[in-house]
Amino acid sequence: MRDAYSMSITSPLSFGDFSDDYKSYSGAAIALLPVPYDKTSTYHKGADRGPEAILRASHALENFDIETQSEIYLRGIATLEPVLVDETPDILAKAVQTRVAQLLADGKFPVLLGGEHSVSVGGAAAAKQHYPNLSVLQLDAHLDTRDSYHGSKYNHACVMARIREFCPIYQVGIRSMDAEELSTLDRSRILFAHELAQQTTTDWQSRVVDSLSEDVWVTIDLDCFDPSIMPSTGTPEPGGLNWYQVCGLLRLLAQRRRVVGFDVVELLPRDSNPAPDFTAAKLVYQFLSYIWADPSK
Ligand SMILES: [Mn+2]
């Protein structure tokens, strides 16, 4: 019986409870890059503690995935030194882009662990340079398409405005926006949460995936989930997605498109409730299982 909260963890800053043989960078297909950054969040702060909480919780994961009948850690999952930037988010974006570009050049599959949502710009930008036919799937409660916010174009509230300047985006789970975002809203590339809640089949998953190009970066703001299962975010919004809505979409995406990297952002860990930390860690491993269980990869 595993228990992340009582067991002694020998290397708390690496992902997963498996042999170090599968954690070295040189042999790993997958590279996790922690980005503990939280300079622009506005409601509750603490997303800079997200990566460590995910890594700690990951030690309680089972290594075998039931859905894909796989042990994806065998592909190698390296946890890298974090990106530590205590500057404005535009500087952070460049630092993340440089690191992710190097990972892609090395043939690694990049996964960013945030940190607030502004960390995603650099990842998607690096992926666009490497994969010109990129599109970005965003799971989020918030549109994040303000042109600027609190004096910065790289604020977390602007992340998708920046990303859509260089590639198409599709937004799922949205249930919070500002009126100023209406003028730039592309209704054909958004699935609002209230619309999703009315779906009686899973056909919506195909419609989303069919709207994406062959190469896809996925940015997962954990506040896409309903606060009942993911209360540990800076700006929780009621009416969010459940676990199987998110996983169903990610699985279909992995089957039909080439996922080239993803980020999981906005975990704001609270010591009083460790379950969301585990949910975030499980999401990372589950998505990796969907992507990497295919033996042709
Ligand atoms: Mn959000």
- [ ] Test each condition in (1) over 17 Å from the mean Cα position of the chain (by Cα); (2) modelled with pLDDT under 95; (3) within 15 Å of the ligand (Cβ to nearest atom) for Ile190 and report the one that comes out false.
- [x] (2)
- [ ] Taking the options Gly151, Gly115, name whichever one is open to solvent by 70 Å² or more (accessible area, probe 1.4 Å) and either free of Cβ contacts under 8 Å to residues at least 12 places away in the same chain or within 16 Å of the ligand (Cβ to nearest atom) (or both).
- [x] Gly151
Task: Those strands (runs of 3 or more DSSP E) lying entirely in the range 178-297 with at least 3 residues touching a Ser or Thr at 6+ places or on another chain (Cβ under 9 Å) and closer than 24 Å to Glu62 by Cβ - done: 258-265
Task: Scope the range 235-270; condition within 11 Å of the ligand (Cβ to nearest atom) and open to solvent by 10 Å² or more (accessible area, probe 1.4 Å); matching residues - done: Thr235, Pro236, Glu237, Gly240, Glu266
Task: Checking Gly122 against (1) crowded, with 23+ Cβ neighbours inside 10 Å; (2) away from the ligand (no atom under 16 Å from the Cβ); (3) at pLDDT below 95, the condition it does not meet - done: (3)
Open item on the list: I'm trying to understand the selection: among the residues of the range 221-234, which are open to solvent by less than 10 Å² (accessible area, probe 1.4 Å) and more than 10 Å from the ligand (Cβ to nearest atom)?
Closed with: Phe225, Met230, Ser232
- [ ] Say whether the condition of being open to solvent by 70 Å² or more (accessible area, probe 1.4 Å), away from the ligand (no atom under 14 Å from the Cβ) and more than 22 Å from Arg256 (Cβ to Cβ) is met by at least one residue in the range 125-144.
- [x] yes
Open item on the list: Going by what's in this entry, would Arg175 be described as within 16 Å of the ligand (Cβ to nearest atom), open to solvent by 10 Å² or more (accessible area, probe 1.4 Å) and under 19 Å from the mean Cα position of the chain (by Cα)?
Closed with: yes
Open item on the list: Show the residue pairs meeting these rules: Cβ distance below 7 Å; 6+ apart or different chains; first residue within the range 159-176 and within 12 Å of Ser120 (Cβ to Cβ); second residue among the small types (Gly, Ala, Ser) and more than 15 Å from the ligand (Cβ to nearest atom).
Closed with: Ile163/Ala124; Ile169/Ser135
TODO: Go through (1) part of a helix (DSSP H, G or I); (2) farther than 16 Å from Val35 by Cβ; (3) touching a helix residue (DSSP H, G or I) at 6+ places or on another chain (Cβ under 6 Å); (4) of a type outside the set (Asp, Glu) one by one and return the number of the condition Cys158 breaks.
DONE: (3)
Open item on the list: Among the residues in the range 66-76, are any assigned to a loop (DSSP other than H, G, I, E, B) and in contact with a strand residue (DSSP E or B) (Cβ under 9 Å, 6 or more places away or on another chain)?
Closed with: yes
- [ ] Restrict the check to the range 77-95 and report whether at least one residue is more than 16 Å from the ligand (Cβ to nearest atom), open to solvent by 20 Å² or more (accessible area, probe 1.4 Å), touching a helix residue (DSSP H, G or I) at 6+ places or on another chain (Cβ under 6 Å) and farther than 20 Å from Ile174 by Cα.
- [x] yes
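The values are calculated or read from the model by the stated rules, or taken from the named source; none is laboratory data. Being a predicted model, the structure only gives us computed values, none of them experimental. Heads up, the Cβs are rebuilt from the backbone with ideal geometry, glycines too, and the neighbour counts pull from every protein chain shown. What goes into the accessible areas is simple: the full protein's heavy atoms, side chains included, and nothing from ligands, DNA or RNA. Shrake-Rupley method; radii C 1.70, N 1.55, O 1.52, S 1.80 Å.
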